[in-house]
Amino acid sequence: MKDVIKNAIKKYVLESKSNWSEEINDHWFDEPIIKFASADDPLFEEYKKIIGNYHLTPREVFELVFGEGTYNGGTVISVVLPINEKIRKSNGMQTEWPSKEWALLRTFQVMYFREITKYIENFLNERGYRTISPYHSEWFKKIDEPDSGKALGPTSNWSERHIAYAAGLGTFSINDAFITEKGIAIKLVSVVTELKLTPDIRTAKNHTENCLLCSKGICGACIKRCPVNAISKEGHDKIKCYKYAYGEEAKKLAASYGGNYAVGAGCGLCQTSVPCEGKNPIKSNY
Ligand code: SF4
Ligand code: SF4
């Protein structure tokens, strides 16, 4: 069943008409990587200590939607959507603001995240397994200034990066992003389903193994790429980053490109023209 689900999602991404950019005459997102975590993995409970008590477990997610007592185990499916190389390369040439292609991707992804998770929900619901996309649930919320836990700066009660880590899709990086086998320039979506599947195994030695700076003390290319000095060897200033990438100037830039003012242009300079852009750098003999 895992292969059936993986093949269906891959086919959907590569064949859906909406995943096509006139701007680059190619897909916005390349073939995805899909992995599975047990909904009862103890790591989800640990996230309440690591991130904050507000971060929900799959059980809580499921019962918020289907009612108390409905949960009987299941699986979290996490999907990596790699950003097309043409979009990555266009952003890699920028030194201050994101490229038009990168900025328009943000406008597109808002619609596409709903579309692809709806597809996965329907695919499993039709086969008799209740399934929910947490990011699109009415209780999902972004938290600007968490008052519990250790996250400093904007966060949410369902972190796609932490979900992807639980599923064994990669590790975190010095710039607070997530490095997968298809690199750091990616987007993530997930669903929680009552279908029980064999979980994938986490093979990373620790939660930052794939970042060259975190694991080997070398690289730091993303530090030099940041136009507002929001990254240092000590870590990532989420607030400084957020104000730049989603502030008024970034919103105006998105609108000037024909994108959605409200979602802004993003930035992603620290995810492009860096060794981890499109691959896992730890496997490249650096
Ligand atoms: S550019 Fe280098 S230091 Fe920065 S996240 Fe990638 S591997 Fe880590
Ligand atoms: S997204 Fe942009 S502003 Fe934020 S850390 Fe990366 S380069 Fe800096």
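The values are calculated or read from the model by the stated rules, or taken from the named source; none is laboratory data. Computed from a predicted model, the values in this text were never measured in an experiment. We place every Cβ from the backbone using ideal geometry, glycine too, and count neighbours over all the protein chains shown. SASA here: full protein model, heavy atoms, side chains in, ligands and nucleic acids out. Shrake-Rupley method; radii C 1.70, N 1.55, O 1.52, S 1.80 Å.
At a glance:
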| item | result |
| --- | --- |
| Among the residues listed as 115, 121, the single one being surrounded by fewer than 17 Cβ atoms within 10 Å (Cβ to Cβ) and assigned to a helix (DSSP H, G or I) | 115 |
| Residue that is nearest to ligand 2 (Cβ to nearest atom), among those in segment 203-222 that are open to solvent by 40 Å² or more (accessible area, probe 1.4 Å) and assigned to a helix (DSSP H, G or I) | 214 |
| Selection status of residue 6, open to solvent by 10 Å² or more (accessible area, probe 1.4 Å), closer than 26 Å to residue 111 by Cβ, in a helix (DSSP H, G or I) and free of Cβ contacts under 8 Å to residues at least 40 places away in the same chain | yes |
| Residue within segment 186-204 that is small (Gly, Ala, Ser) and touching a residue at least 40 places away in the same chain (Cβ under 8 Å) present | yes |
| Pairs where the first residue, in segment 98-125, is more than 20 Å from residue 264 (Cβ to Cβ) and the second is among the aromatic types (Phe, Trp, Tyr), C-beta under 6 Å, 6+ apart | 119/12 |
| Residue match in segment 248-258 (condition: surrounded by 19 or more Cβ atoms within 10 Å (Cβ to Cβ), within 21 Å of the chain's Cα centre (by Cα), within 15 Å of ligand 2 (Cβ to nearest atom) and part of a loop (DSSP other than H, G, I, E, B)) | no |
| Every pair of residues 6+ apart whose Cβ atoms lie under 7 Å, when the first sits in segment 261-283 and is under 20 Å from residue 249 (Cα atoms) and modelled with pLDDT under 95 while the second is of a type in the set (Ser, Thr, Tyr) and away from ligand 1 (no atom under 11 Å from the Cβ) | 263/107; 264/246 |
| Qualifying residues in segment 225-237 (those that are open to solvent by 40 Å² or more (accessible area, probe 1.4 Å) and touching a residue at least 40 places away in the same chain (Cβ under 8 Å)) - the one farthest from ligand 2 (Cβ to nearest atom) | 233 |
| Enumeration of residues in segment 25-51 that are touching an Asp or Glu at 6+ places or on another chain (Cβ under 7 Å) and open to solvent by 20 Å² or more (accessible area, probe 1.4 Å) | 33, 35 |
| Enumerated helices (runs of 4 or more DSSP H) restricted to segment 17-100, each holding at least 1 residues that are modelled with pLDDT under 95 | 42-50, 58-66 |
| Single unsatisfied condition, residue 58 versus (1) closer than 16 Å to residue 161 by Cα; (2) surrounded by fewer than 14 Cβ atoms within 10 Å (Cβ to Cβ) | (2) |
| Residues of segment 268-286 classified as out of contact with any His (no Cβ under 9 Å at 6 or more places or on another chain), near ligand 2 (Cβ under 9 Å from one of its atoms) and open to solvent by 20 Å² or more (accessible area, probe 1.4 Å), total | 1 |
| Within segment 124-135, tally of residues that are more than 14 Å from the chain's Cα centre (by Cα) and either within 19 Å of residue 58 (Cα to Cα) or crowded, with 19+ Cβ neighbours inside 10 Å (or both) | 7 |
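Here's the yes/no breakdown for (1) touching a strand residue (DSSP E or B) at 6+ places or on another chain (Cβ under 9 Å); (2) away from ligand 1 (no atom under 16 Å from the Cβ):
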| position | (1), (2) |
| --- | --- |
| 207 | yes, no |
| 218 | no, no |
| 221 | no, no |
| 229 | no, no |
| 234 | no, no |
| 255 | no, yes |
| 267 | no, no |
| 281 | yes, no |
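Rundown of residues vs (1) of a type outside the set (D, E, K, R); (2) open to solvent by 10 Å² or more (accessible area, probe 1.4 Å); (3) within 16 Å of ligand 1 (Cβ to nearest atom); (4) modelled with pLDDT of 95 or more, yes/no style:
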residue: 146; (1), (2), (3), (4): yes, yes, no, no
residue: 152; (1), (2), (3), (4): yes, yes, no, no
residue: 155; (1), (2), (3), (4): yes, yes, no, no
residue: 161; (1), (2), (3), (4): no, yes, yes, yes
residue: 167; (1), (2), (3), (4): yes, no, no, yes
residue: 171; (1), (2), (3), (4): yes, no, yes, yes
residue: 176; (1), (2), (3), (4): no, yes, yes, no
residue: 179; (1), (2), (3), (4): yes, no, yes, yes
residue: 185; (1), (2), (3), (4): yes, no, yes, yes
